[in-house]
Amino acid sequence: METLTVLQIIWFFLIGILFVGYSILDGFDLGIGSLLPLLSKNDEKKTAILFNSIWPLWDGNEVWLITAGGALFAAFPHAYATVFSGFYLALMIVLFGLILRAVSIEFFFLEAGNKKIWARTFFIGSLIPAILFGVALGNVILGIPLDSKMEFTGNFFTLLRPFPLVIGILGLCAIFMQGLTYTMIKTENEINESARLLSDKIWKLYAAFFVLAMIASFIFIPGSSKNIIAWIFTAIFIVAIIAIRIFIGKAEEFKAFISSSLSFASLWGIAGALQFPNLVKALGDDSLSITIYNASSSKLTLSVMVAIALVGMPIVIGYTIYVYKIFRGKTRG
Amino acid sequence: MDAVLLSRIQFALAAGFHFIFPPLTLGMGLLIVINETLYYKKGEELYKTISKFLVKIFALIFAIGVASGIVLEFSFGTNWSNYSRLVGDIFGAPLAAEGVLAFFLESVFLGVLLLGRDRVSKKAYLVSAYLVFFGSHLSALWIIIANSWMQTPAGFVIEGGRAILTNFFEAAINHSTAERFLHTIVGGWQSGSLFLAGISSWYILKKRDIQPAQAMLKLSLTIFIVMSFLQFGTGHMHAVQVAKTQPVKMAAMEGLWESKDGAPLSVWGFPVASEKKTYLEIGIPKLLSIMVYADPNARIQGLNEFPDELHPPVFLTFQVYHVMIGLGSLFALMSLIGIFLILKKKLFETNWYLKGLLFAIPLPVIACEMGWMAAEIGRQPWAVYNVLKTADAASVVVPPWQILLTIIMFTVIYAFLFFIFIKFLLKLIEKGPEEIAKSSGY
């Protein structure tokens with residue numbers, strides 16, 4: 001294999017890893033945000049506890065998204081350009097959400113008057129991206145209308161087809177589960193109990209939408225039922241989702257969180273297996289698809305980026321673990 | 001309306017709003033590490049009191065900086081997708097590197113700085129402050145690397161219409177990176193230090209929080225004075241670099257139409273592009289030639305040497321550049337008075353000067369904005385100088401009405417955020433360092 005090809009494949013994996021990191025870490029604070037009214041019951045003290053449990057960490061978590069976006073831009077500029085311009089309005093709605101949530105926690109604690117506004121903005125700002133990220137991913141897997149210049153030829157409603165919506169809700173369930181298991185680790189008493197009760201329903205929804213997504217894949221994604229790697233990740237997913245239930249039952253909260261993270265990672269594994277080597281599938285005509293081969297940067301850029309990632313990311317992961325350890329334990333106020 | 005123009009308006013709005021905050025985080029970061037170092041070395045509570053106050057304000061500024069910054073990263077794909085396709089091979093890497101090597105560091109350790117004081121050792125806390133400081137400055141470096149490549153592109157070849165990287169270090173450390181990085185950092189330190197000097201002055205005028213306020217004023221004003229003089233040096237270096245590498249931009253900033261041996265440094269004027277003349281011009285004879293080439297008779301290229309379609313909007317470039325220079329000169333004057341008052345030991349009693357510092361708070365940020373406008377407007381019609389025109393850089397699939405819609409959305413959000421920012425900033429200031437130090441937790 002040529003060096004360029006190897007680098008293109010490496011970057012497919014590295015961007016996948018960045019998205020997995022983002023899903024696992026920002027997943028839990030997006031999940032808490034998206035479930036905030038149900039977990040806090042609109043109680044100010046409970047909201048404060050939930051916010052405090054994520055406050056020192058969520059900012060670093062969101063950098064995974066910023067880095068994944070930058071890496072996609074650097075490694076596969078055409079994929080970045082097509083998706084971001086094609087999904088213009090949808091992404092602007094995501095940005096609206098991300099802006100709102102970026103300031104909400106800070107404002108909540110500074111606000112002397114009506115703090116509830118900032119709980120609400122955090123909820124809305126978390127829920128919007130939590131749904132739309134999955135919808136976007138569902139679209140690039142299902143395929144979108146592209147022309148010969150890799151430009152998107154559909155419109156906003158192209159994005160809202162059944163398959164992407166199912167993936168959107170599946171992703172939302174995974175994010176919910178991250179949020180709930182994290183809440184269980186970090187809280188006690190009433191909030192912990194709410195999370196536990198809620199997790200029963202969310203778990204069922206999560207499992208149901210996984211089955212639905214699987215059936216939808218068999219129908220809409222050619223070859224998906226014969227993809228062995230996707231089946232391996234499906235098996236891991238099934239083990240993980242059962243483990244979530246068992247560990248929640250035994251009140252082994254950290255293990256439940258790890259299982260939830262594993263289930264999320266295996267969803268990415270399935271997506272990656274179905275997608276490789278495509279980045280954005282073209283609807284109707286495979287020859288127009290944007291792949292890691294026709295969308296990538298040059299060999300030199302990809303190599304420089306690998307060097308930066310290999311030096312930088314282990315350090316990032318190292319100090320992230322260190323800081324998580326600083327803030328470990330139950331949040332009490 | 002045309003999509004390119006709308007996308008330019010949106011980017012100007014997003015970048016202009018965002019850049020209110022980074023200079024302040026750069027300067028505040030410096031003030032925090034100085035106070036934390038002093039606290040660590042001397043153990044005096046005063047420094048801790050000040051630092052706690054600064055960290056709170058820093059976090060507020062940082063939150064809005066993050067919220068507005070993420071828009072910019074998305075913008076290259078959403079509004080400038082042709083740009084991304086054509087120069088992504090070079091431009092994407094510094095953005096990704098910023099995430100990996102800088103922004104993680106800043107964001108992760110800001111958590112410790114903000115909420116971890118009681119959870120880590122004094123030493124670990126100090127180190128966290130330094131890491132946030134380094135993170136924000138490294139962030140600035142990568143962003144300046146990316147933008148400088150647009151100003152003075154290097155280390156690439158054009159293949160099939162796309163810019164392809166040939167040398168990473170030449171692309172990163174191109175002809176303007178160093179000058180522009182220094183100029184930006186010093187501008188940030190000016191902004192942050194005058195911001196705190198103004199706030200401290202208010203306390204002294206109000207006769208409250210006197211002890212921390214006097215210490216804060218002494219420190220911040222000292223930094224401001226040093227930076228204000230240093231900024232002439234970095235500004236000079238940057239101007240020389242522009243004159244040598246982007247002569248059209250320099251000619252536009254100076255309103256110089258005809259090439260001239262021994263060109264004057266313009267102080268005032270109204271350039272009119274349609275007549276190719278600068279009205280009411282006041283200039284210092286031969287100074288521009290002296291400054292750029294150290295030779296009073298050196299030739300400086302005028303705008304007329306370049307085809308009209310390669311001229312930037314001259315009036316705007318000229319004026320924003322001159323507002324920046326004017327403000328820079330004002331800062332030097334304020335600094336001279338400051339030195340005089342410090343030497344006379346009258347700083348804390350000179351109310352008019354303290355009031356001046358208070359009202360001057362926004363000025364360095366405005367100077368930074370004007371400098372960026374000169375840099376970006378002066379680069380037009382190019383997105384990447386001599387490589388890619390702005391008109392060819394925009395997304396082709398986004399309908400103008402959608403961009404108009406998002407411009408309205410961002411205007412509303414930014415106005416709202418700015419209003420809330422000011423509200424909470426005033427609230428933190430009203431509380432003051434002494435009360436904030438007493439409160440446990442956040």
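The values are calculated or read from the model by the stated rules, or taken from the named source; none is laboratory data. Bear in mind the structure is a predicted one, so any value in this text is a computation, not a measurement. Here the Cβ is made from the backbone with ideal geometry for all residues, glycine too, and neighbour counts use every protein chain on show. Keep in mind that these areas ignore ligands, DNA and RNA; they rest on the heavy atoms of the full protein, side chains included. Shrake-Rupley method; radii C 1.70, N 1.55, O 1.52, S 1.80 Å.
The table below lists the values:
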| read-out | value |
| --- | --- |
| The range B:309-403: mean projected area of Cα convex hull, nm² | 9.3 nm² |
| Among beta bridges that DSSP assigns inside the protein assembly as shown, antiparallel share in %, nearest 5 | 95 percent |
| Rg/Rh (Cα only; Kirkwood hydrodynamic radius) as it applies to chain B | 0.98 |
| Net lengthening on full extension, A:Ala208/A:Thr5 (0.36 nm per residue, minus Cα-Cα) | 69.3 nm |
| Charge dipole (debye, nearest 20) of chain B; +1 at Cβ of Lys and Arg, -1 at Cβ of Asp and Glu | 1720 debye |
| Spatially proximal aspartates and glutamates relative to B:Lys427 (Cα-Cα < 14 Å; intrachain offsets below 8 disregarded) | A:Glu106, A:Glu111, B:Glu435 |
| Rule-of-thumb Rg ratio for the range B:234-320 [Cα; 2.2 N^0.38 Å; N residues] | 0.98 |
| Of the DSSP H helices in chain B, those whose Cα atoms cover at least 15 Å axially and whose Kyte score averages 0.5 or more | B:3-18, B:22-42, B:45-78, B:104-115, B:122-151, B:210-245, B:314-343, B:363-377, B:400-438 |
| A:Leu279 long-range amide H proximity, modeled H, under 5 Å | A:Ile290, A:Thr291, A:Ile292 |
| Cα coordinate range in the range A:223-333, projected on the principal axes (Å, largest first) | 54, 37, 24 |
| Spin-label model distance (nm) - A:Ile228 vs A:Asp285, 7 Å beyond Cα toward Cβ | 3.4 nm |
| Radius of gyration and Dmax over the Cα atoms of the range B:71-116, both given in Å | 14.2, 44 |
| For the range A:3-326: accessible area per residue (Å², 1.4 Å) | 36 Å² |
| Rough spin-label spacing in nm, given labels placed 7 Å along Cα→Cβ, for B:Asn386 and B:Phe418 | 3.7 nm |
| Farthest positive-ward along chain B dipole, Cα basis, beta-carbon charges - from B:Gly255, B:Ile422, B:Gly235 | B:Ile422 |
| Amide H contacts of B:Leu265 (H built 1.01 Å from N, under 5 Å, at least 5 apart or other chain) | B:Ile284, B:Lys286, B:Leu287, B:Leu288 |
| Straight-distance crosslink candidates among aspartates and glutamates, where the alpha carbon sits under 20 Å from A:Lys204 and sequence neighbours closer than 8 are dropped | A:Glu193, A:Glu252, A:Glu253 |
| Listed pairs A:Lys186/B:Lys52; A:Lys45/A:Lys330; B:Lys218/B:Lys346; A:Lys45/B:Lys438 exceeding 18 Å between Cα atoms | A:Lys186/B:Lys52; A:Lys45/B:Lys438 |
| Cut-off under 5 Å, modelled amide H: who pairs with A:Phe327 long-range | none |
| Axial C-alpha extent at least 20 Å, average Kyte-Doolittle at least 0.5 - helices from chain A (DSSP) | A:3-34, A:88-110, A:116-142, A:162-186, A:189-220, A:228-249, A:253-275, A:299-326 |
| Relative intensity, log₁₀ I(q)/I(0), of the range A:122-202 from a Debye sum that treats every alpha carbon as a point, q = 0.11, 0.17, 0.25 Å⁻¹ | -0.41, -0.74, -1.12 |
| Filter on A:Lys281/B:Lys389; A:Lys46/A:Lys116; B:Lys48/B:Lys122 - keep pairs with C-alpha separation over 20 Å | A:Lys281/B:Lys389 |
| Net charge dipole size for the protein assembly as shown [Lys, Arg +1 and Asp, Glu -1 on Cβ; Debye, nearest 20] | 2300 debye |
| Cα gyration tensor of the protein assembly as shown - equivalent ellipsoid semi-axes, whole Å, descending | 45, 36, 20 |
| Pairs of alpha carbons in the range B:4-91 whose separation is greater than 15 Å (percent) | 67 percent |
| Tail fraction, Cα-Cα pairs, chain A, threshold 30 Å, whole percent | 35 percent |
| Size of electric dipole in the range B:337-442: Cβ of Lys, Arg +1 and of Asp, Glu -1, about Cα centre, debye, nearest 20 | 380 debye |
